[in-house]
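Below is one structure, written out as structure tokens, with a few remarks after it.
The values are calculated or read from the model by the stated rules, or taken from the named source; none is laboratory data. Quick caveat: nothing in here was measured; it's all calculated off a predicted structure. All accessible areas refer to the heavy atoms of the entire protein, side chains included, with ligands and DNA or RNA removed. Shrake-Rupley method; radii C 1.70, N 1.55, O 1.52, S 1.80 Å.
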Amino acid sequence: MQIIFNRSFSLKLILLFLFLFFSKMTNSTTLQAGFGEVCITPEEAKLHRLINEYRNSRGLSPIPLSLNLTKVAKAHTADLYYNNPHNDDLCNMHSWSAKGDWEPCCYTYDHANAECMWNKPREISNYKGDGYEIVFYMSPVNGISMAKESLDSWKLSPAHNNVIINAGIFRNAEWKAVGIGIYKEYVTVWFGEKTDDEGEPERCEQ
């Protein structure tokens, strides 16, 4: 069978491909920067409320929402979704790709690269302290609250639960700021021991 290409049709296909390619590049760059202006979505605000309610049930004080740590959290959820810096064999979900204004790293399960996490707030935001992250992944299901599902999962994991309620190796930590990012199937929460001088993020417009 012979295939005959029409020159005009081929040119249109090339132009369409280029348009889609550069559109994706532009969208990816915007997301890597933390979604532009930082704001908190209703589902992210819900997770913040649930975390503080859980802490209150354990006799712990609430943690103020942080504009800068929220910027870090949103940047990381976007990086995880679009650039996939993690894999099950070596790099876990605390890893960062080389496709942003930050130091890339493969975060291994032995925590040998922990400074990669601790330094991220200073690399991509105005937060002055270290950052400590917990991450959740679940394929989105209609009608399921990612805020509730992530917190329920973290409660069942001693290592993650200890971060939230200042237990174990975090028993002497005093969280003074928290940032939250939820994007597609990823949820990240960042904790810090320094107050965020820039306060809380605005609520996203509906």
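In this model, which of K148/K194; K46/K194; K120/K194 are farther than 21 Å apart at the alpha-carbon?
K148/K194; K46/K194
On a full-extension model of 0.36 nm per residue, what is the gain between N84 and D152, subtracting their alpha-carbon distance, rounded to one decimal in nm?
Taking 0.36 nm per residue and subtracting the Cα distance, the gain is 22.0 nm.
From Cα pairs below 8 angstrom and at least 6 apart in sequence, can you work out the relative contact order of the stretch 120-180, rounded to a whole percent?
Relative contact order for the stretch 120-180 comes out at 16 percent.
N113 to N126: extension gain in nm, 0.36 nm per residue of separation minus the Cα-Cα distance?
Gain on stretching N113 to N126: 2.5 nm.
Using alpha-carbon pairs under 8 Å, 6+ residues apart, how would you state the relative contact order of the stretch 83-134 in percent?
Answer for the stretch 83-134 is 24 percent.
With the full set of protein chains in place, find how many percent of the accessible area of the stretch 118-171 is carbon and sulfur; take the probe as 1.4 Å.
Answer for the stretch 118-171 is 54 percent, counting heavy atoms of protein chains only.
Starting from 0.36 nm per residue, how many nanometres of slack lie between Y137 and A159 once their C-alpha separation is accounted for?
6.3 nm
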